[in-house]
1. Across the range B:59-70, what is the number of residues that are touching a Cys at 6+ places or on another chain (Cβ under 8 Å) and within 10 Å of chain C (Cβ to nearest Cβ)?
2. So which of C:A55, C:A20 is within 24 Å of B:I64 (Cβ to Cβ), at the interface with chain A (Cβ under 10 Å from one of its Cβ atoms) and surrounded by 24 or more Cβ atoms within 10 Å (Cβ to Cβ)?
3. Does A:E265 meet the test of being surrounded by fewer than 18 Cβ atoms within 10 Å (Cβ to Cβ) and either more than 25 Å from A:E281 (Cβ to Cβ) or touching a His at 6+ places or on another chain (Cβ under 8 Å) (or both)?
4. Restrict the check to the range A:65-78 and report whether at least one residue is over 18 Å from A:T324 (Cβ atoms) and either more than 14 Å from every other protein chain (Cβ to nearest Cβ) or aliphatic (A, V, I, L, M) (or both).
5. Scan the range A:321-338 for residues that are surrounded by fewer than 17 Cβ atoms within 10 Å (Cβ to Cβ) and either at the interface with chain C (Cβ under 7 Å from one of its Cβ atoms) or of a type in the set (D, E, K, R) (or both) and report the count.
6. Tell me, which residue of the range C:114-149 that is in a helix (DSSP H, G or I) and among the hydroxyl-bearing types (S, T, Y) is nearest to A:F313 (Cα to Cα)?
7. Run A:G278 past the list (1) at negative phi; (2) under 13 Å from the mean Cα position of the chain (by Cα) and report the number of the one that doesn't hold.
Amino acid sequence: MYVAVKGGERAIDNAHAWLAEERRGDVNVSELTLPQIREQMTLAVHRVMAEGSLYDPDLAALAIKQSRGDLIEAIFLIRAYRTTLPRIGYSDPVDTGKMTCDRRISATFKDAPGGQVLGPTFDYTHRLLDFKLAADGEVPTANHAIPQTADMPRITDFLNKDDLIQTEVPSDETPPDMTREPMEYPANRALRLQTLTRGDEGFVLGMAYSTQRGYGRNHPFVGELRIGTISVEMEIAELGFSIEIGEITLTECETVNQFTGSKSEPPQFTRGYGLVFGQLERKAISMALVDRALRWQELGEDNLGAPAQDEEFVLSHSDNIQATGFLEHIKLPHYVDFQSELELVRKLRCEAQAAAHKEAAE
Amino acid sequence: MSTTSLQGGFDTPPKQSALAFRAALSTMARPGNIETLSGGNAPTPVSEAAATLLLTLCDQETPIYLAPSHDRPALREWIAFHIGAPFVAASSALFALGTWDTLQLTEFPTGTPEYPDRSTTLIVELETLTTTGPRLTGPGIKDHAYLSLPDVAAFQQNNALFPMGLDFYFTAGVQLAALPRSTKVEAN
Amino acid sequence: MSDYNFAYLDEQTKRMIRRAILKGVAIPGYQVPFASREMPMPYGWGTGGVQVTAACLTPDDTLKVIDQGADDTTNAVSIRKFFENTADVAVTGQTSEASIIQTRHRIPEHPLTEDQILVYQVPIPEPLRFLEPRETETRKMHALEEYGLMHVKLYEDIARHGHIATAYAYPVKVEDRYVMDPSPIPKFDNPKLESPAIQLFGAGREQRIYAVPPFTKVVSLDFEDHPFEPARAEHECDLCGADHTYLDEVIIDDNGGRMFVCSDTDYCETRQSAGHRGKFSPKENAA
C-alpha cells in the first residue's frame, strides 16, 4: 500500500539535531573556544572575513565553529548575517601607504626605502610535518626588532616618478557597490575589484594561474606585496572631522606588468592590483593578476579569448556562495521536471521504434 | 524644521507599508481598479494616498521630482525627514509627484530599450477618481475597464513607447489607481 | 528569530524589491534587475521567491508553499517554517485558502483567483541563456525583440526528433513582446500561465524579478504545423482517479511496478475526501 511521502518537517528537525551532535564530535574531547579559533586558525578566520565581506574575527571564528570547519559554509553564515546589518555610514578610503607592515617584499628591486621585510611567512619553511607540534605547541619567543614608524612608500611610486609605469588617476567618484545594486556589465574597475576581493580564493587563483600559463599572458612581477594593519576612519557629519573607528589587517599586492605599448599608449609598465582583508597573500596576488588581465580593453590590448580576459565570465562565476548554492540545488527534488522528460523520451523512443519497424517492413 | 514635518509617518512601518504595497501592487496589476490607501499624512496639498505611497516606495535611493504644484518647503522637509529621498529635476527622477497640469510628461526618462525599467513612476494628484471615463484594455484587465483619467492622447503616446514608457499612480484623498505603460487607452 | 524585522528583510530592502516588482508588473515578461540580498538559505534554493514573498507578505496573509506540487517536500517545509518564524503568518496546505502561494516547479491544479498571488522560484530567468550565455548579448536580443535563435532551436528539435524536445521551462511569449522563461514548470502547466492571479517570478542568484499580471496573454512558442501541446503521463491518478492532472510516477517494488499519483498533493487529497478513488486507494471499511 502506497502512502504519499510525509514527515518532511520531522526529518528536518532530526537532521538538524544530528548535525549539532556531529559538530560537537566526541564529548570527551574538550570543546573548541572562539578565542582558540581566532588566535590559532587565524588564516581561516581571515579567509572567512575576506570572502564574507565582514571584518569581525570573533564572528568569523563563530562561523567556523558552527560550520564544522567548512569555510564556504562559514562564509555563507557571515554573508547572511552581514546582509541584515544596517548601513550606518561609509568609512574614509584607507591609505595603504600608511600601513604598519608586518611583511613587505618586492620582487622587482633588490632593496628599496623601507627595506624588504620577510615577516611571518610560510615561504621558506620546509613543508615537513612537525611531529613535536602534535604533543606540544608551545614556542620560544621570536626575536623582536624596533618597529618602523615612518610611512612605508610604495615600490611602484619609484617607477611612477620616472613615468615608467602607467599613472593611476585618483578619483573621488563613489564606487559602485555590488551588494546594494544588481551587477551590470560592462563593469568598471572598482566593481571588478570589489567582486574579486570577495571572490572565491580557489577560483581567483585558478584564473590567475591560467594567465601565467598563457591564457592571456601578461608578464607579471610582484612589484610589492605588503601585509599589515591600518586604522579605519570615518567622518562624523555632526563633528565635522574623521575619527578612528577601528584597525584592520590588510594584504595588498601591486604587480608590475610588461607592456609594449599600443596605439594610444607608449611602452611602459602597467599594474594589476589586489587588496584583501586579512593576511591572504595568495588571494591578493591572484587578484592582481586577474585584475590586470581584465584591463585588456582599457589598455588597448588584443582580446585573446582567454577566460581571464572575459569579464562577464570571471565576475559572474567568482562568488562561491552563489556557485555552491546553485550547484547543490540539483540535489533538491526535480521529479516533476524529470517526469516530463521521461514522458518525452518515451514518446520519442516509441516513434523511433515505429519508424524503424516501418522501414524494415518496406 | 516645523512640527508637521515630523508627523505623518507610519506608526508600524513594516506592517503598514506591507499593506500599502499590496494596494499599490493590486492597482498596478489591475489597471482601472481603485483601492483605498491610508496611514500617511504629508503637508498640503498632498493626499493621504499619495503620502502613503511615498512612504511605502521611496527612500534615499529614489530621487524625487516635485512638480510646481507640490514643490513647497513644508513638503520638502517632510520628505527629507520621513523618506530621505534626494530632490532632482524631472529628467533624473525615479518618482514624481504633482497635479496633471504641472507634470510635463516629455521631461521624464522612459527607460532604454535594454533597460525599460529605468523610467519614472508618476504620482498624479486628482480631485476625484472614479471607474468611469476612458476605456482601458491590456495586461491586468479581464475584458476592459474604465478610469477617470485626466487625458487620453498622452497615455496613448506613452503606450506606443512600450516596453519603454512611464507608469502612473493616480491619487485622490485615500483613493489609489494605476495605469502602467502596457495599458491601451481609448476615449469612451 | 524575533530580533529580525517582519518577514526577515529590512524595510529598505523590501522597498527596493517592491519597486522592482511594480516595474515587472508594468512591463510583463521583462526581467527587472534587482539587488538581491544574501538570504539565510542557499542560492538556488528559492532565495528569489523568498525575497519576493517577503516583500509581499502582510500579517493578514495565509501562505502556502509547494515544491514539486507538494506541501511536504523538505524545501517547501523549510521555507514555510522560515515565514512562520519571521512573519508569524497563517499557513495552509489548501490552494483555495491561500492568499500567497510560493511554488517551485508547479502551478496548482485548483484554478487560482483574483485574490491570489503566485510566487515562482526561478533558477535561470533568461530563456535565451542556453542559446547565448552572455547577459550583454541576451539583453540586446530582448531589446531588439530578436528571438530568431529561439525559433531556430525549437525548429531544429522538430527536424531531429519530430517534436520540440523541451518538456519543462518551456518558453512563452508574453503580451506579444517578451519571450519569458516560466521557470521549470512542466509544459503541462503552461496554459495556466494565463490566470486571474498575479504571478511574480523571483531569481535571487541571477538578481532578476519579473511578472505576469492577471489576464495577460501568454503564448507558448510553437509553429503552425507543430502546435504546442501540454503533456502529461497518459494515466489516471491511482489515488484519486483524476485523468486531467499532472502525475508523478512512483516506483513501488523491485520488479519495476509503478503507480501514478497527482503531483499536486492538496488537489489529490481534496478529491479523495470528496469520495474520488483510484486503482490503489485503500479499501473502504464496510460501515
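1. 0
2. Working: C:A55 fails: at the interface with chain A (Cβ under 10 Å from one of its Cβ atoms).
Sole residue among the options that is within 24 Å of B:I64 (Cβ to Cβ), at the interface with chain A (Cβ under 10 Å from one of its Cβ atoms) and surrounded by 24 or more Cβ atoms within 10 Å (Cβ to Cβ): C:A20.
3. On the way: surrounded by fewer than 18 Cβ atoms within 10 Å (Cβ to Cβ): yes; either more than 25 Å from A:E281 (Cβ to Cβ) or touching a His at 6+ places or on another chain (Cβ under 8 Å) (or both): yes.
In short, yes.
4. From the range A:65-78, those over 18 Å from A:T324 (Cβ atoms) are A:65; that's our starting set.
Retained after the next criterion (residues that are either more than 14 Å from every other protein chain (Cβ to nearest Cβ) or aliphatic (A, V, I, L, M) (or both)): A:65.
Yes - at least one qualifying residue is present in the range A:65-78.
5. Count: 2.
6. Initial filter on the range C:114-149 (in a helix (DSSP H, G or I)): C:135-143, C:148-149.
With the extra rule that they be among the hydroxyl-bearing types (S, T, Y), the set shrinks to C:136, C:138.
Values: C:T136: 11, C:T138: 14 Å.
Taking the candidates together, the pick is C:T136.
7. (1)
Conditions (1) modelled with pLDDT of 95 or more; (2) over 24 Å from A:N257 (Cβ atoms); (3) in a loop (DSSP other than H, G, I, E, B), marked per residue:
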{"residue": "A:T270", "(1), (2), (3)": "no, no, no"}
{"residue": "A:K283", "(1), (2), (3)": "yes, no, no"}
{"residue": "A:A288", "(1), (2), (3)": "yes, no, no"}
{"residue": "A:L299", "(1), (2), (3)": "no, no, yes"}
{"residue": "A:S318", "(1), (2), (3)": "yes, no, yes"}
{"residue": "A:V336", "(1), (2), (3)": "no, yes, no"}
{"residue": "A:V345", "(1), (2), (3)": "no, yes, no"}
{"residue": "A:A356", "(1), (2), (3)": "no, yes, no"}
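The values are calculated or read from the model by the stated rules, or taken from the named source; none is laboratory data. Just so you know, these numbers come straight off a predicted model, no measurement behind them. Using ideal geometry, Cβ is built from the backbone for each residue, glycine included, and neighbour counts are taken over all protein chains shown.
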